[in-house]
1. Skipping prolines and chain starts, which residues have an amide H placed within reach, meaning under 5 Å, of the one on F477, given they are 5 or more residues away or on another chain?
2. Between region 515-539 and region 223-264, what is the separation of their alpha carbon centroids in Å?
3. Using Cα positions and a limit of under 18 Å, work out the lysines in reach of K350, with same-chain residues fewer than 8 apart set aside.
4. With r defined as the distance between the Cβ atoms of F456 and R387 and R0 fixed at 30 Å, what FRET efficiency is calculated, to the nearest 0.05?
5. If I stretch the segment between E204 and E397 completely, what's the gain in nm (0.36 nm per residue apart, minus their alpha carbon distance), one decimal?
6. With label points built 7 Å along Cα→Cβ from the Cα atoms of W610 and D78, find their separation and express it in nm.
7. Give the Rg/Rh ratio for region 298-402, taking Rg as the radius of gyration of the Cα atoms and Rh as the Kirkwood radius, to two decimals.
8. For region 410-588, go through all pairs of different Cα atoms, get the mean of 1/r, take its inverse, and jot down that Kirkwood value in Å.
Amino acid sequence: MRSRSGPTRRSFLGAAAAAALPPACVIPRGGGAAPSSQVPPDRRAGRPAPDLDALLAQMTLDEKIGQMTQADKTAIGDGRDVHGLCLGSLLSGGDSLPVPNSPQTWAEMTDRFQTQALSTRLGIPLIYGVDAVHGDGDVRGAVLFPHNIGLGATRDPELVQRAARVTARETAGSGARWAFAPCVAVARDERWGRTYESFGESPELVEVLGAAAVRGLQDAGDAGAVLACAKHFVGDGGTAGGKDQGDTRAGEAELRRVHLPGYRSAVKAGVGSVMVSYSSWNGVPMHGNRHLVTEVLKGELGFTGFVVSDWAAIDKMSPDYTADIERAVNAGVDMIMVPIRYREFVARLKALVAAGRVSPARIDDAVRRILRQKARFKLWERPFADRALTAAVGSAEHRAVARQAVRQSLVLLKNDRATLPLRPGVRVHLCGFRADDLGVQCGGWSVGWRGHKGTFTTGTTVRQALEQALGSARLTFSTDGAGAASADVVVAVVGEDPYAEGSGDRAKLELSPSDRALIASAKQSGKPLVVVLIAGRPLILGDVLSDASAVVVAWLPGTEGAGVADVLSGAARPTGKLPCSWPRSMAQIPVNVGDASYDPLFPYGFGLSW
Ligand code: GLC
């Protein structure tokens with residue numbers, strides 16, 4: 001499994017490469033104290049962006065290469081290399097989080113790194129990137145929205161835009177000014193561990209909601225706007241067998257029909273960055289595909305922002321790192337998410353330019369694209385975190401938006417004898433640990449790369465919310481269904497544990513044995529059974545469908561479990577529609593609307609109400 005942070009490779013760097021380190025951005029000899037954090041007053045207070053062509057003309061090759069280099073927060077340590085190498089960007093990979101973790105410590109951390117950047121010769125501000133894919137997920141206390149598959153079920157672009165706007169303002173409040181979102185993957189095979197990051201299986205749905213998310217992130221009002229990043233270009237959701245980072249085998253016409261629309265609409269919405277996919281197309285790694293990255297994305301679609309690679313993705317192209325760099329940069333990748341061996345990257349790219357294998361014109365094009373986005377998002381004017389936004393992270397106003405998104409994301413698959421909504425006065429037995437686990441309802445990319453069970457941030461579980469909605473006198477709870485017989489209705493919550501990326505790839509999507517045992521126990525009560533699914537994708541229901549009187553899909557709702565209780569209790573009506581076809585069995589997967597023979601258990605767009 002790819003390490004999310006690891007030792008820097010400076011200690012292994014050959015003497016030649018080390019000697020090639022840029023003179024203009026000189027690493028203090030022998031380590032030394034981090035450069036003075038005295039930033040010229042005009043830079044600290046913010047200043048208008050300079051004329052970018054004039055700035056580019058002033059820049060040395062080393063300073064240009066620095067702008068093309070993104071390092072991870074863990075690898076960068078105290079940040080002296082930000083100054084020493086004039087790095088243009090840092091990121092917090094899923095597990096590169098400050099300790100302690102709060103909006104305030106994030107803002108202090110990003111400001112510290114920004115100070116290093118502003119104290120360089122040209123003082124070009126740094127841009128800090130995070131995976132704000134369902135809210136500013138890394139920050140403890142931030143509001144976490146339903147993951148994209150749940151937003152896909154809302155079919156509501158205006159709501160998606162409002163959610164993205166809140167995400168932008170909370171992300172900016174943490175000091176990050178670049179969100180690696182929206183994912184505009186079109187998930188065609190539920191075995192893929194990133195299905196939940198997609199708005200769904202339909203190119204049209206992804207096209208509309210992806211553009212709405214871009215607008216919400218980038219137009220969130222001056223101080224709150226952040227650079228968006230449409231990802232992962234292109235075809236990440238169409239790999240054979242749903243294998244993460246696998247191979248998408250399709251003719252160009254099908255690739256364009258299914259997987260390109262999200263990028264076309266994101267470009268039209270003004271997206272400022274695009275991240276390349278780890279996956280390949282017909283065996284050619286996307287990071288080396290000049291036809292798609294430069295000719296199609298930048299040429300045909302007219303994308304004027306910058307292209308960033310994925311986490312250490314170029315390393316995977318071949319055993320020859322220098323050749324990987326040459327191939328990726330010449331394919332049109334403008335910034336490399338290195339993110340650990342960044343000193344080696346800088347030295348090797350410099351050597352490639354010296355050897356004429358990467359042209360100065362390509363370097364200038366990449367740097368100009370990057371600088372343009374930094375100017376667009378006011379990084380010169382406002383280089384530091386806006387502390388008013390920091391204070392608003394996790395606000396009641398933001399949580400209300402997320403709660404509404406949860407309500408609208410729920411899909412009612414079955415409701416025999418009007419079991420739902422839970423009538424006033426009815427006694428309810430709620431069961432299953434997932435009903436009372438904030439981490440389970442948040443899923444991956446939640447204060448940690450793969451998320452985790454338990455309570456690690458602020459939010460409301462389904463259990464807490466139902467107790468508030470029904471009153472604790474009407475609600476009993478167990479993790480195993482014991483006590484269900486004393487109630488009038490039983491609600492069992494089942495689904496998936498948190499995961500991210502390839503760790504979520506599954507050959508089987510049946511319910512776990514413990515979840516099946518829970519349902520069997522609940523069924524023994526003889527009372528009407530409501531099954532609530534907290535999962536990042538359709539699961540194979542099997543007998544559960546006949547055992548249950550009602551089935552509700554809550555997807556991965558995030559921190560505001562109250563939105564689930566609102567629908568179950570009848571405070572809100574279910575309006576969600578399936579963003580993906582629901583397979584009868586594994587044998588049916590992949591099954592997508594438009595297939596010649598299409599017979600899923602529930603079709604794309606299905607959803608009941610009352
Ligand atoms: C990951 C993901 C990408 C994410 C990046 C930074 O591997 O593929 O979606 O933005 O690394 O965390």
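1. L430
2. What the calculation gives is 34 Å, centre to centre.
3. K64
4. Numbers: r = 24 Å, r/R0 = 0.81.
Efficiency at R0 = 30 Å is approximately 0.80.
5. Details: separation 193, 0.36 × 193 = 69.48 nm, distance 3.07 nm.
Gain on stretching E204 to E397: 66.4 nm.
6. 6.3
7. My calculation puts Rg/Rh at 1.11.
8. Values: mean 1/r = 0.0618 Å⁻¹.
Kirkwood hydrodynamic radius for region 410-588: 16.2 Å.
Just so you know, all these numbers are worked out from the coordinates, no wet-lab data involved. None of the values given here were measured: they were computed from a predicted structure. All Cβ positions, even for glycine, are placed from backbone atoms using ideal geometry, and neighbour counts span all protein chains on display.
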